[in-house]
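Every number in this text was worked out from the coordinates using simple rules, so none of it is lab data. Bear in mind the structure is a predicted one, so any value in this text is a computation, not a measurement. Cβ placement follows ideal geometry from the backbone for every residue including glycine, while neighbour counts extend to all protein chains displayed.
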Amino acid sequence: MQTSRVLVYIAMSIDGFIAGPDNDLSWLPGADPASEPTEVPEPPAPGVLGYPAFIAGIGSLLMGRSTYDVVRGFGGPWPYGDMPVLVASTRPLDNDPPPQVQRVQGPIQDLIAQAKQAAGELDVYLDGGVMIRQAAEEDLIDALTLTVVPTALGAGHALFAGMKRRYPLEFVSQQAHPGGLLQVHLKPAGR
């Protein structure tokens, strides 16, 4: 039996931010990579940037509380269907979370173990800056897909800012997409 991998799939500005101030995501492109930014960027529309192939191999999602709150704020149907979603939070979730959403807490190693158990033989999608940084510091990430958007924000929530150690990565591949987007696939160095 293959062990679940922990995968990151996230967009960031050219200056390394995954969200602007106050979790602003309006700078992210919509379904058409050449279009103007929209207010509902996550997850990408079907067929965009390899997301369908990525999500098809995912058995569970582990996200931080801020990410959960942002996704819930989009309105509309829950974008992750019936997939088990674990939300790391010490606070209760909103009054009516989707039935497949579960609040979890504890050290990142324990959260990853719970997410792997929920994923079965499939992989774990790790989302949210705090979760990604914690997992990176403990060397728990197997691969990262970063879509670099050619926009400089200057402020906001940086993907790797505040890490307590260096996190060496290796480029696996890259691909340019319409609208100036660059998607890079990385893995931790030495893996």
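Computed values, structure above
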{"read-out": "Length-normalised contact order for segment 56-166 - Cα pairs under 8 Å, 6+ apart - percent", "value": "32"}
{"read-out": "Among LEU146, LEU62, LEU169: highest mean-square fluctuation, GNM of the chain, C-alpha pairs under 10 Å", "value": "LEU169"}
{"read-out": "Chymotrypsin sites (Phe, Trp or Tyr not before Pro) restricted to segment 69-140 and DSSP loop, no more than 16 other C-beta within 10 Å", "value": "PHE74"}
{"read-out": "Share, in percent, of DSSP beta bridges within the chain that are antiparallel, nearest 5", "value": "40"}
{"read-out": "For segment 127-167: span of alpha carbons on each principal axis (Å, largest first)", "value": "30, 20, 17"}
{"read-out": "Within a Gaussian network of the chain (alpha carbon springs, distance under 10 Å), most fluctuating of SER173, SER26, SER66", "value": "SER173"}
{"read-out": "Extension gain from ASN95 to SER173, taking 0.36 nm per residue of separation minus the Cα-Cα distance", "value": "23.9 nm"}
{"read-out": "In Å, descending, principal axis extents of the Cα set of the chain", "value": "42, 38, 31"}
{"read-out": "Simple spin-label estimate for TRP78 and ARG5 in nanometres, 7 Å along Cα-Cβ", "value": "2.7"}
{"read-out": "Within the chain, helix-based [θ] at 222 nm, where runs of 4 or more DSSP H residues each add -39,500 (n - 2.57), nearest 500", "value": "-5500 deg cm²/dmol"}
{"read-out": "Net length gained if the chain between GLN117 and VAL104 were fully extended (0.36 nm per residue, minus Cα distance)", "value": "3.4 nm"}
{"read-out": "Amide N proximity, segment 127-162 versus LYS187 label position 7 Å along Cα-to-Cβ, cut-off under 12 Å", "value": "142-144"}
